[in-house]
1. Sticking with the crude label model, points 7 Å out along Cα→Cβ, report the distance from Lys141 to Arg164 in nm, one decimal please.
2. For the modelled label position 7 Å from the Cα of Leu17 along Cα-to-Cβ, which residues of segment 40-84 have backbone nitrogen atoms closer than 20 Å?
3. Among Phe44, Phe126, rank each residue by its count of other Cβ atoms within 10 Å, from fewest to most, as a rough exposure measure.
4. Give the Cα extents of the chain along the principal axes, in whole Å, largest first.
5. State the dimensionless ratio Rg/Rh of segment 1-125 (Rg: radius of gyration of Cα atoms; Rh: Kirkwood radius).
6. Within a 10 angstrom radius of the beta carbon, how do His73, His43, His151 rank from fewest other beta carbons to most?
7. Which value, in debye to the nearest 20, gives the size of the charge dipole of the chain about its Cα centre, when Lys and Arg are +1 and Asp and Glu are -1 at the Cβ?
8. Using a 10 Å cut-off around each Cβ, can you sort Lys69, Lys208 from fewest to most neighbouring Cβ atoms?
Amino acid sequence: MLSIVPTPLGNLQDITLRALDTLKSVDCVLCEDTRRTQILLTHFGISKPTVRYNENDDASVRRCLELLKQGKHCALVSDCGTPCISDPGWKLVKAAAAEGLPITSLPGPSAVACALAGAGFTGGAFTFLGFLPRKNGKAAKLLGAAYGQEHPVIVYESPFRVIRLLQLIAQTLGPDTPVVAAREISKVYEEWLRGTAASVAADLEKRKKVQGEFVIVIGLPEHKEEQNEEPDFPY
């Protein structure tokens, strides 16, 4: 059986009781980085074999799949957050499903959901693009198409390219496009930068050094956000 187990984004207290129970019960843990995962397991007093899972290595995928076919109960984790969401894991899940092997996915920490909830933009539909292509032309095309659906767009970015990304958003979607840049979610230096694409880019440019991973939530202009407000449905 394959259990997809989300792990904390930064604050170890964010792990769920079910995730801990699963990690304690599995035969082994398939992980992106065995050293990172071992720190997590040791913190919670869990002793389990760890196996490196490398999505870019077909042999690694086959090796992990073979463990599942042998009847092993394996937990799939990434360095942080939910596996398969801009993180390794989907190839193994797809291969396991094709073999008819049992799969379960645990709810838990997700930078996408956390950033969208904290952004304060209209709820409901949104588009998650993960990390955009490095080339500006391709990135701008993706942004334009997604934003044209008229609901929030969420992207990940590193501290080394976040200013360039915000400038690209301003050039492609307009300098007054509302954005929220969530930095280091759940960690000691968590920070939420709110404003327009142009103003947040300018704020970051003033810093001597930009650090931490970013989740950028791109909102709609106020008049479009009001149009997209979802009606209340009785349940």
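Throughout, read-outs are computed from the coordinates displayed, never taken from laboratory work. Note that the structure is predicted; figures quoted are calculated from it, not measured. With ideal geometry, Cβ positions are generated from the backbone for all residues, glycine too; neighbour counts draw on all protein chains shown.
1. Calculated label separation equals 1.8 nm.
2. Taking a point 7 Å out along Cα→Cβ of Leu17, the residues of segment 40-84 whose backbone N falls under 20 Å are 44-46.
3. Result, fewest neighbours first: Phe44, Phe126.
4. For the chain, the Cα spread along each principal axis is 55, 47, 35 Å.
5. On the Cα set of segment 1-125, Rg over Rh gives 0.98.
6. Lowest to highest Cβ neighbour count: His43, His73, His151.
7. Dipole of the chain, to the nearest 20 debye: 1020 debye.
8. Fewest-to-most Cβ neighbours within 10 Å comes out as Lys208, Lys69.
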